[in-house]
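Before any comments, here is the structure.
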Amino acid sequence: MKKGMIKVSVMYPYSVGKNFDMDYYAGPHVSMVVGLLGDAVKGAGIESGLGGAAPGTSAPYMAIGHMYFDSMEAYENSFGPHAETILGDLPNFTDIEPIIQVSVVVA
């Protein structure tokens, strides 16, 4: 992605006893989100945590999703009208409260 783009990261912290359905997240959920946000999304990706920094430790996050936008305005205008629908789908694949970070790409 190019410098100046907006990156939205949605991180699902690892926690014993919590549930996360990667198949649903990577399939129906992401398809719905990308469909709702449309052309405002310039790129997207999903990661599944394998482990922590030290061998044999748990990954800090079960999953991380990333979306890229040309500007904050593009992100806000595309996400805002659909926030309730998108957030309302979370119980279909997880009981983890996500951590969301909005960043600007600097390099």
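Quick note: the coordinates plus some simple rules give every number you see, no bench work behind them. Since the structure is predicted, the reported quantities are computational estimates derived from the model, not experimental observations.
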### Query
Normalised by the number of residues in the chain, what is the relative contact order in percent for Cα pairs under 8 Å and 6+ residues apart?
51 percent
### Cut-off under 5 Å, modelled amide H: who pairs with Ala63 long-range
Tyr12, Gly49
### Message
Could you give each residue of the stretch 28-44 its phi-based ³J(HN,Hα) in whole Hz, using Karplus coefficients 6.51, -1.76, 1.60 with θ = phi - 60°, and x for Gly or Pro?
### Response
x, 5, 5, 4, 5, 4, 4, x, 5, 7, x, 5, 5, 7, 9, x, 8
### Summary
In order over the stretch 18-24: 3J(HN,Hα) from phi, Karplus 6.51/-1.76/1.60, θ = phi - 60°, whole Hz, x for each Gly or Pro, gives 8, 10, 8, 9, 4, 4, 5
## Note on the structure
The long-range amide H neighbours of Ile96, using H built 1.01 Å from N in the peptide plane and a cut-off of under 5 Å, are Asn19
